[in-house]
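The values are calculated or read from the model by the stated rules, or taken from the named source; none is laboratory data. The structure presented is a predicted model; accordingly, all values stated were derived computationally and were not measured. Don't worry about glycine lacking a Cβ; one is built from the backbone with ideal geometry, like all the others, and counts go over all protein chains shown. These area figures cover heavy atoms from the full protein model, side chains too; ligands, DNA and RNA do not enter into them. Shrake-Rupley method; radii C 1.70, N 1.55, O 1.52, S 1.80 Å.
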Amino acid sequence: MVPLRKPWASAAGSFSDRDSLLVRAVLRYESDAGDRAELDGWGECTALPGPTFSSEYTAGAVEVSERYLLPALLSAKVATAADVTPSLAAVKGHKMAKSAFEAALLDAELRGAGLRMADFLASLSRSGQPPKAAVAAGVAVGLQGSLGELLDEVERYAGEGYRRVKLKIAPGWDDKPLGEVRRRWPELVLLADANGAYASIGPAHAGARLARLDGFALACIEQPLGEDDLVGHRELARQIQTPVCLDEALTSVASVRAALDIGACSVVNVKAGRLGGYLEAVRVHDLCADRGVPVWCGGMVETGIGRAANVALASLPNFTLPGDLSASGRFFEQDLAGPLDLLPGGIISVPDGPGSGVTVDPAALRAFATWRRWYPAS
Ligand code: MG
(Lines give C-alpha, C1' and ligand atoms only; values in the text may rest on other atoms or scores of the structure.)
Protein backbone atom coordinates (compact mmCIF):
# COMPACT_ATOMS: atom_id res chain seq x y z
CA MET A 1 0.00 0.00 0.00
CA VAL A 2 2.11 2.89 -1.23
CA PRO A 3 0.44 6.20 -0.36
CA LEU A 4 -0.30 8.52 -3.30
CA ARG A 5 0.38 12.22 -3.01
CA LYS A 6 -3.17 12.80 -4.14
CA PRO A 7 -6.08 10.40 -4.73
CA TRP A 8 -6.25 9.10 -8.29
CA ALA A 9 -9.61 9.15 -10.12
CA SER A 10 -10.65 8.05 -13.59
CA ALA A 11 -13.69 6.42 -15.19
CA ALA A 12 -11.94 3.22 -14.03
CA GLY A 13 -12.38 4.04 -10.33
CA SER A 14 -10.46 5.94 -7.67
CA PHE A 15 -7.96 5.13 -4.91
CA SER A 16 -5.57 6.93 -2.57
CA ASP A 17 -2.95 4.20 -2.02
CA ARG A 18 -1.33 2.03 -4.69
CA ASP A 19 -2.11 -1.48 -3.56
CA SER A 20 0.26 -3.47 -5.80
CA LEU A 21 1.19 -7.10 -5.95
CA LEU A 22 4.98 -7.26 -6.32
CA VAL A 23 6.82 -10.41 -7.34
CA ARG A 24 10.42 -11.00 -6.33
CA ALA A 25 12.18 -13.84 -8.14
CA VAL A 26 15.34 -15.29 -6.60
CA LEU A 27 17.41 -17.54 -8.86
CA ARG A 28 20.14 -19.64 -7.25
CA TYR A 29 22.98 -21.05 -9.30
CA GLU A 30 25.82 -23.37 -8.48
CA SER A 31 28.79 -23.67 -10.82
CA ASP A 32 30.60 -26.92 -11.54
CA ALA A 33 33.33 -25.66 -9.18
CA GLY A 34 30.75 -25.34 -6.42
CA ASP A 35 30.54 -21.54 -6.45
CA ARG A 36 27.07 -20.31 -5.62
CA ALA A 37 25.40 -17.19 -6.95
CA GLU A 38 22.03 -15.69 -6.19
CA LEU A 39 20.21 -13.26 -8.47
CA ASP A 40 17.05 -11.47 -7.72
CA GLY A 41 14.63 -9.43 -9.74
CA TRP A 42 11.34 -7.66 -9.29
CA GLY A 43 8.09 -7.47 -11.23
CA GLU A 44 4.95 -5.45 -10.56
CA CYS A 45 1.41 -6.57 -11.26
CA THR A 46 -0.45 -3.63 -12.77
CA ALA A 47 -3.93 -4.72 -11.69
CA LEU A 48 -5.77 -1.92 -9.90
CA PRO A 49 -7.20 -2.40 -6.40
CA GLY A 50 -10.67 -3.11 -7.85
CA PRO A 51 -11.87 -4.73 -11.13
CA THR A 52 -12.57 -1.34 -12.67
CA PHE A 53 -10.01 -1.09 -15.49
CA SER A 54 -10.36 -4.75 -16.48
CA SER A 55 -11.60 -7.85 -14.69
CA GLU A 56 -8.26 -8.17 -12.88
CA TYR A 57 -7.72 -6.67 -9.43
CA THR A 58 -5.00 -6.92 -6.81
CA ALA A 59 -6.59 -9.43 -4.43
CA GLY A 60 -7.67 -11.55 -7.39
CA ALA A 61 -4.12 -11.48 -8.73
CA VAL A 62 -2.86 -12.73 -5.36
CA GLU A 63 -5.44 -15.51 -5.39
CA VAL A 64 -4.71 -16.72 -8.92
CA SER A 65 -0.97 -16.45 -8.31
CA GLU A 66 -1.04 -18.61 -5.20
CA ARG A 67 -3.58 -21.10 -6.43
CA TYR A 68 -2.53 -21.54 -10.06
CA LEU A 69 0.41 -19.53 -11.37
CA LEU A 70 3.05 -20.28 -8.74
CA PRO A 71 2.31 -24.04 -8.59
CA ALA A 72 2.53 -24.21 -12.40
CA LEU A 73 5.79 -22.27 -12.55
CA LEU A 74 7.38 -24.19 -9.68
CA SER A 75 6.37 -27.61 -10.97
CA ALA A 76 7.73 -26.73 -14.44
CA LYS A 77 10.93 -25.42 -12.73
CA VAL A 78 10.68 -22.28 -14.85
CA ALA A 79 13.91 -20.30 -14.56
CA THR A 80 13.75 -18.05 -17.60
CA ALA A 81 11.31 -15.29 -18.52
CA ALA A 82 10.64 -16.73 -21.97
CA ASP A 83 9.17 -19.88 -20.39
CA VAL A 84 6.65 -18.07 -18.18
CA THR A 85 3.86 -17.51 -20.72
CA PRO A 86 4.05 -21.02 -22.27
CA SER A 87 4.08 -22.60 -18.79
CA LEU A 88 0.94 -20.70 -17.80
CA ALA A 89 -1.03 -21.33 -21.00
CA ALA A 90 -3.56 -23.55 -19.21
CA VAL A 91 -4.65 -20.57 -17.07
CA LYS A 92 -6.93 -18.27 -19.07
CA GLY A 93 -6.65 -14.51 -18.75
CA HIS A 94 -4.99 -12.98 -15.66
CA LYS A 95 -2.40 -11.38 -17.91
CA MET A 96 -1.36 -8.70 -15.43
CA ALA A 97 -0.56 -11.35 -12.83
CA LYS A 98 1.31 -13.47 -15.36
CA SER A 99 3.25 -10.44 -16.56
CA ALA A 100 4.54 -9.75 -13.04
CA PHE A 101 6.20 -13.17 -12.92
CA GLU A 102 7.71 -12.74 -16.37
CA ALA A 103 9.04 -9.30 -15.42
CA ALA A 104 10.58 -10.55 -12.16
CA LEU A 105 12.39 -13.43 -13.88
CA LEU A 106 13.50 -11.16 -16.71
CA ASP A 107 14.91 -8.63 -14.26
CA ALA A 108 16.77 -11.36 -12.33
CA GLU A 109 18.18 -12.97 -15.46
CA LEU A 110 19.35 -9.69 -16.94
CA ARG A 111 20.94 -8.54 -13.69
CA GLY A 112 22.82 -11.83 -13.69
CA ALA A 113 23.93 -11.33 -17.26
CA GLY A 114 24.88 -7.69 -16.67
CA LEU A 115 22.48 -6.66 -19.46
CA ARG A 116 20.12 -3.69 -19.46
CA MET A 117 16.46 -4.51 -20.08
CA ALA A 118 16.34 -1.79 -22.76
CA ASP A 119 19.20 -3.44 -24.68
CA PHE A 120 17.69 -6.89 -24.29
CA LEU A 121 14.24 -5.81 -25.54
CA ALA A 122 15.88 -4.01 -28.48
CA SER A 123 17.74 -7.23 -29.32
CA LEU A 124 14.41 -9.08 -29.49
CA SER A 125 12.78 -6.44 -31.69
CA ARG A 126 12.87 -6.73 -35.46
CA SER A 127 13.60 -2.99 -35.61
CA GLY A 128 17.33 -3.67 -35.47
CA GLN A 129 17.89 -0.30 -33.80
CA PRO A 130 19.51 0.42 -30.45
CA PRO A 131 17.30 1.71 -27.64
CA LYS A 132 16.90 5.43 -27.08
CA ALA A 133 19.04 6.89 -24.27
CA ALA A 134 16.02 8.66 -22.76
CA VAL A 135 12.27 8.66 -23.22
CA ALA A 136 9.84 11.56 -23.38
CA ALA A 137 7.97 11.83 -20.09
CA GLY A 138 4.25 12.41 -19.75
CA VAL A 139 1.62 12.66 -17.08
CA ALA A 140 -1.93 11.42 -16.94
CA VAL A 141 -4.24 13.73 -15.02
CA GLY A 142 -7.21 12.06 -13.37
CA LEU A 143 -10.77 13.34 -13.25
CA GLN A 144 -10.84 16.50 -11.14
CA GLY A 145 -13.47 18.05 -8.92
CA SER A 146 -13.47 21.35 -10.83
CA LEU A 147 -11.98 23.09 -13.83
CA GLY A 148 -9.88 25.24 -11.50
CA GLU A 149 -8.33 22.18 -9.85
CA LEU A 150 -7.59 20.70 -13.25
CA LEU A 151 -5.88 23.85 -14.51
CA ASP A 152 -3.80 24.07 -11.31
CA GLU A 153 -2.72 20.48 -11.79
CA VAL A 154 -1.79 20.94 -15.46
CA GLU A 155 0.05 24.16 -14.61
CA ARG A 156 2.12 22.33 -12.02
CA TYR A 157 3.17 19.59 -14.46
CA ALA A 158 3.83 21.99 -17.32
CA GLY A 159 5.95 24.03 -14.89
CA GLU A 160 7.89 20.92 -13.87
CA GLY A 161 8.79 20.38 -17.53
CA TYR A 162 6.33 17.76 -18.72
CA ARG A 163 5.55 18.30 -22.39
CA ARG A 164 2.72 15.83 -22.67
CA VAL A 165 -0.47 15.65 -20.65
CA LYS A 166 -3.27 13.14 -20.89
CA LEU A 167 -6.62 14.10 -19.43
CA LYS A 168 -9.10 11.55 -18.21
CA ILE A 169 -12.49 12.37 -19.72
CA ALA A 170 -16.09 11.18 -19.44
CA PRO A 171 -19.40 12.41 -20.93
CA GLY A 172 -19.93 15.86 -19.45
CA TRP A 173 -16.21 16.33 -18.63
CA ASP A 174 -14.62 16.58 -22.04
CA ASP A 175 -14.84 19.55 -24.43
CA LYS A 176 -14.74 22.25 -21.72
CA PRO A 177 -11.66 21.04 -19.82
CA LEU A 178 -9.81 19.97 -22.98
CA GLY A 179 -10.64 23.24 -24.73
CA GLU A 180 -9.44 25.30 -21.79
CA VAL A 181 -6.20 23.36 -21.42
CA ARG A 182 -5.53 23.63 -25.15
CA ARG A 183 -6.21 27.38 -25.10
CA ARG A 184 -3.75 27.96 -22.24
CA TRP A 185 -1.06 25.53 -23.42
CA PRO A 186 -1.16 25.53 -27.23
CA GLU A 187 2.17 23.65 -27.54
CA LEU A 188 1.41 20.83 -25.12
CA VAL A 189 1.09 17.30 -26.53
CA LEU A 190 -2.46 16.65 -25.37
CA LEU A 191 -4.34 13.34 -25.23
CA ALA A 192 -7.71 12.30 -23.84
CA ASP A 193 -8.52 8.95 -22.21
CA ALA A 194 -12.14 7.88 -21.71
CA ASN A 195 -11.56 4.37 -20.25
CA GLY A 196 -14.66 3.25 -22.17
CA ALA A 197 -16.95 5.83 -20.57
CA TYR A 198 -18.74 6.76 -23.82
CA ALA A 199 -20.20 3.26 -24.21
CA SER A 200 -22.91 4.40 -21.80
CA ILE A 201 -24.31 6.97 -24.24
CA GLY A 202 -24.13 4.73 -27.34
CA PRO A 203 -21.82 4.97 -30.36
CA ALA A 204 -23.93 7.51 -32.31
CA HIS A 205 -24.11 9.98 -29.41
CA ALA A 206 -20.45 9.28 -28.63
CA GLY A 207 -19.50 10.25 -32.20
CA ALA A 208 -21.41 13.53 -32.02
CA ARG A 209 -20.03 14.31 -28.57
CA LEU A 210 -16.41 13.48 -29.40
CA ALA A 211 -16.50 15.34 -32.74
CA ARG A 212 -16.56 18.47 -30.54
CA LEU A 213 -12.93 17.69 -29.67
CA ASP A 214 -11.79 17.83 -33.30
CA GLY A 215 -10.48 21.38 -33.03
CA PHE A 216 -8.17 20.72 -30.08
CA ALA A 217 -5.34 19.02 -32.01
CA LEU A 218 -5.34 16.01 -29.68
CA ALA A 219 -2.65 13.41 -30.37
CA CYS A 220 -5.41 10.83 -29.91
CA ILE A 221 -8.46 9.87 -27.91
CA GLU A 222 -8.04 6.66 -26.03
CA GLN A 223 -10.60 3.89 -25.61
CA PRO A 224 -13.83 5.88 -25.93
CA LEU A 225 -16.06 2.78 -26.13
CA GLY A 226 -16.18 -0.62 -24.43
CA GLU A 227 -13.29 -3.07 -24.33
CA ASP A 228 -15.12 -5.55 -26.59
CA ASP A 229 -16.40 -3.04 -29.14
CA LEU A 230 -13.88 -3.03 -31.98
CA VAL A 231 -16.57 -2.44 -34.63
CA GLY A 232 -18.00 0.47 -32.64
CA HIS A 233 -14.54 2.03 -32.51
CA ARG A 234 -14.20 1.63 -36.28
CA GLU A 235 -17.53 3.46 -36.79
CA LEU A 236 -16.49 6.15 -34.32
CA ALA A 237 -13.11 6.60 -36.00
CA ARG A 238 -14.96 7.49 -39.19
CA GLN A 239 -17.03 10.17 -37.45
CA ILE A 240 -14.24 12.12 -35.78
CA GLN A 241 -10.95 13.62 -36.91
CA THR A 242 -9.00 12.87 -33.72
CA PRO A 243 -7.08 9.58 -34.11
CA VAL A 244 -8.59 6.76 -32.05
CA CYS A 245 -6.20 4.87 -29.76
CA LEU A 246 -7.11 1.62 -28.01
CA ASP A 247 -6.03 0.47 -24.56
CA GLU A 248 -8.38 -1.91 -22.70
CA ALA A 249 -9.47 -3.61 -25.96
CA LEU A 250 -5.96 -4.80 -26.82
CA THR A 251 -4.83 -7.83 -24.82
CA SER A 252 -2.52 -9.67 -27.24
CA VAL A 253 -0.68 -9.26 -30.52
CA ALA A 254 -3.66 -11.05 -32.14
CA SER A 255 -6.17 -8.52 -30.84
CA VAL A 256 -3.94 -5.64 -31.95
CA ARG A 257 -3.77 -7.17 -35.43
CA ALA A 258 -7.57 -7.53 -35.52
CA ALA A 259 -8.09 -3.92 -34.44
CA LEU A 260 -5.68 -2.61 -37.07
CA ASP A 261 -7.11 -4.87 -39.79
CA ILE A 262 -10.62 -3.49 -39.38
CA GLY A 263 -9.57 0.13 -38.78
CA ALA A 264 -10.70 0.31 -35.13
CA CYS A 265 -7.68 2.42 -34.17
CA SER A 266 -4.70 4.20 -35.71
CA VAL A 267 -2.63 4.56 -32.52
CA VAL A 268 -1.84 1.83 -29.96
CA ASN A 269 -1.28 2.10 -26.23
CA VAL A 270 1.21 -0.62 -25.21
CA LYS A 271 0.95 -1.86 -21.63
CA ALA A 272 2.98 -4.94 -20.87
CA GLY A 273 0.68 -5.99 -18.01
CA ARG A 274 -2.46 -5.84 -20.14
CA LEU A 275 -0.70 -7.81 -22.89
CA GLY A 276 0.66 -10.52 -20.57
CA GLY A 277 4.29 -9.45 -20.51
CA TYR A 278 7.15 -7.42 -21.92
CA LEU A 279 7.97 -10.07 -24.52
CA GLU A 280 4.47 -9.81 -26.02
CA ALA A 281 4.75 -6.02 -25.80
CA VAL A 282 7.83 -6.15 -28.06
CA ARG A 283 5.85 -8.22 -30.57
CA VAL A 284 3.06 -5.61 -30.51
CA HIS A 285 5.65 -2.86 -30.98
CA ASP A 286 7.04 -4.64 -34.04
CA LEU A 287 3.63 -5.34 -35.58
CA CYS A 288 2.67 -1.68 -35.23
CA ALA A 289 6.03 -0.57 -36.67
CA ASP A 290 5.42 -2.82 -39.68
CA ARG A 291 2.01 -1.17 -40.19
CA GLY A 292 3.28 2.38 -39.70
CA VAL A 293 1.17 2.72 -36.53
CA PRO A 294 2.69 4.83 -33.72
CA VAL A 295 2.64 3.41 -30.20
CA TRP A 296 3.13 4.84 -26.73
CA CYS A 297 3.65 3.27 -23.35
CA GLY A 298 0.66 3.39 -21.03
CA GLY A 299 0.85 3.45 -17.25
CA MET A 300 -1.17 1.96 -14.41
CA VAL A 301 0.03 4.19 -11.55
CA GLU A 302 2.93 1.78 -11.07
CA THR A 303 5.60 2.22 -8.44
CA GLY A 304 9.18 2.72 -9.62
CA ILE A 305 9.52 -1.06 -10.03
CA GLY A 306 6.96 -1.19 -12.82
CA ARG A 307 7.74 2.24 -14.25
CA ALA A 308 11.44 1.44 -14.69
CA ALA A 309 10.54 -1.57 -16.84
CA ASN A 310 8.12 0.62 -18.80
CA VAL A 311 10.89 3.15 -19.45
CA ALA A 312 13.04 0.32 -20.84
CA LEU A 313 10.17 -0.79 -23.10
CA ALA A 314 9.49 2.76 -24.29
CA SER A 315 13.11 3.08 -25.43
CA LEU A 316 12.22 0.99 -28.51
CA PRO A 317 12.12 3.12 -31.67
CA ASN A 318 8.40 2.98 -32.57
CA PHE A 319 7.40 4.50 -29.22
CA THR A 320 7.12 7.84 -30.98
CA LEU A 321 4.46 9.41 -28.75
CA PRO A 322 5.31 10.32 -25.14
CA GLY A 323 3.84 7.80 -22.71
CA ASP A 324 2.46 7.73 -19.16
CA LEU A 325 6.08 7.81 -18.00
CA SER A 326 6.46 10.16 -15.09
CA ALA A 327 9.09 10.76 -12.45
CA SER A 328 8.70 9.24 -8.98
CA GLY A 329 7.39 12.50 -7.52
CA ARG A 330 4.35 12.51 -9.81
CA PHE A 331 2.48 9.95 -7.76
CA PHE A 332 4.52 9.25 -4.65
CA GLU A 333 6.25 11.07 -1.81
CA GLN A 334 8.33 7.95 -1.37
CA ASP A 335 8.69 5.55 -4.28
CA LEU A 336 9.73 1.90 -3.96
CA ALA A 337 12.57 2.10 -6.49
CA GLY A 338 14.63 4.68 -8.31
CA PRO A 339 16.06 6.87 -9.51
CA LEU A 340 13.45 7.92 -12.06
CA ASP A 341 13.86 11.65 -12.33
CA LEU A 342 12.50 14.22 -14.75
CA LEU A 343 15.37 15.86 -16.64
CA PRO A 344 15.46 19.16 -18.53
CA GLY A 345 13.55 18.84 -21.79
CA GLY A 346 10.86 16.70 -20.18
CA ILE A 347 12.70 13.40 -20.49
CA ILE A 348 13.58 10.45 -18.26
CA SER A 349 16.88 8.66 -18.78
CA VAL A 350 16.77 4.95 -19.42
CA PRO A 351 18.48 3.57 -16.30
CA ASP A 352 22.10 2.53 -16.77
CA GLY A 353 22.26 -0.56 -14.60
CA PRO A 354 21.48 -4.16 -15.56
CA GLY A 355 17.91 -5.44 -15.54
CA SER A 356 15.38 -2.67 -15.11
CA GLY A 357 18.29 -0.61 -13.78
CA VAL A 358 16.68 0.81 -10.66
CA THR A 359 17.45 0.03 -7.03
CA VAL A 360 14.62 -1.17 -4.84
CA ASP A 361 14.51 0.69 -1.51
CA PRO A 362 14.26 -1.92 1.29
CA ALA A 363 13.14 0.65 3.86
CA ALA A 364 10.24 1.75 1.64
CA LEU A 365 9.30 -1.88 1.05
CA ARG A 366 9.28 -2.52 4.80
CA ALA A 367 7.27 0.59 5.45
CA PHE A 368 4.54 -0.08 2.91
CA ALA A 369 4.33 -3.87 2.64
CA THR A 370 1.15 -5.23 4.19
CA TRP A 371 1.71 -8.88 3.36
CA ARG A 372 4.44 -11.11 2.04
CA ARG A 373 4.88 -14.77 1.35
CA TRP A 374 7.85 -16.81 0.23
CA TYR A 375 7.59 -19.89 -1.98
CA PRO A 376 10.74 -22.01 -2.14
CA ALA A 377 11.21 -23.93 -5.37
CA SER A 378 11.71 -27.22 -3.58
MG1 MG B 1 -6.07 4.21 -20.90
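Observations
- By the Cβ rule of 4.7 Å, the chain holds the following cysteines without a possible disulfide partner: 45, 265, 288, 297.
- 3J(HN,Hα) from dihedral phi, the stretch 314-319, Karplus parametrisation 6.51/-1.76/1.60, rounded to Hz, x for glycine, proline: 6, 7, 5, x, 7, 7
- With protein chains left intact and a 1.4 Å probe, residues in the stretch 147-188 average 47 Å² of accessible area per residue.
- For the residue pairs 6/92; 95/132; 77/132, alpha carbon separations beyond 32 Å are given by 6/92; 77/132.
- Relative contact order, percent, the stretch 153-229 [alpha-carbon distance under 8 Å, six or more residues apart]: 35 percent
- Overall form of the stretch 46-174 per C-alpha gyration tensor (a/c, 1.5; a/b vs b/c): oblate
- Here the stretch 121-360 exposes an accessible surface that is 52 percent carbon and sulfur, computed with a 1.4 Å probe and the other protein chains kept in place.
- For the chain, the share of DSSP beta bridges that are antiparallel, to the nearest 5, is 55%.
- Measuring nothing but how far apart in sequence close Cα pairs (under 8 Å, 6+ apart) lie, relative to its length, the chain scores a relative contact order of 20 percent.
- The alpha carbon gyration tensor of the stretch 273-378 gives principal lengths a ≥ b ≥ c with a/c of 1.5 or higher and a/b no greater than b/c, which makes the shape oblate.
- Summing Lys and Arg as +1 and Asp and Glu as -1 over all other residues whose Cβ lies under 12 Å from the Cβ of residue 263 gives a net charge of +1.
- Value of [θ]222 nm, deg cm²/dmol, for the chain, DSSP H segments ≥ 4, -39500 (n - 2.57) each, nearest 500: -10500 deg cm²/dmol
- Backbone geometry of the stretch 258-272 corresponds, through the Karplus equation with coefficients 6.51, -1.76 and 1.60 at θ = phi - 60°, to 3J(HN,Hα) couplings of 4, 4, 6, 4, 8, x, 6, 7, 10, 9, 10, 8, 9, 10, 4 Hz, x marking Gly and Pro.
- Cα shape, the stretch 121-360, gyration tensor, a/c 1.5 rule: oblate
- Here the Karplus relation 6.51 cos²θ - 1.76 cosθ + 1.60, evaluated at θ = phi - 60°, turns the backbone of the stretch 359-373 into coupling constants of 9, 7, 8, x, 5, 5, 4, 4, 5, 10, 5, 10, 6, 8, 9 Hz, with x for every Gly and Pro.
- Net charge, residue 353 excluded, C-beta distance under 9 Å - Lys, Arg +1, Asp, Glu -1: +1
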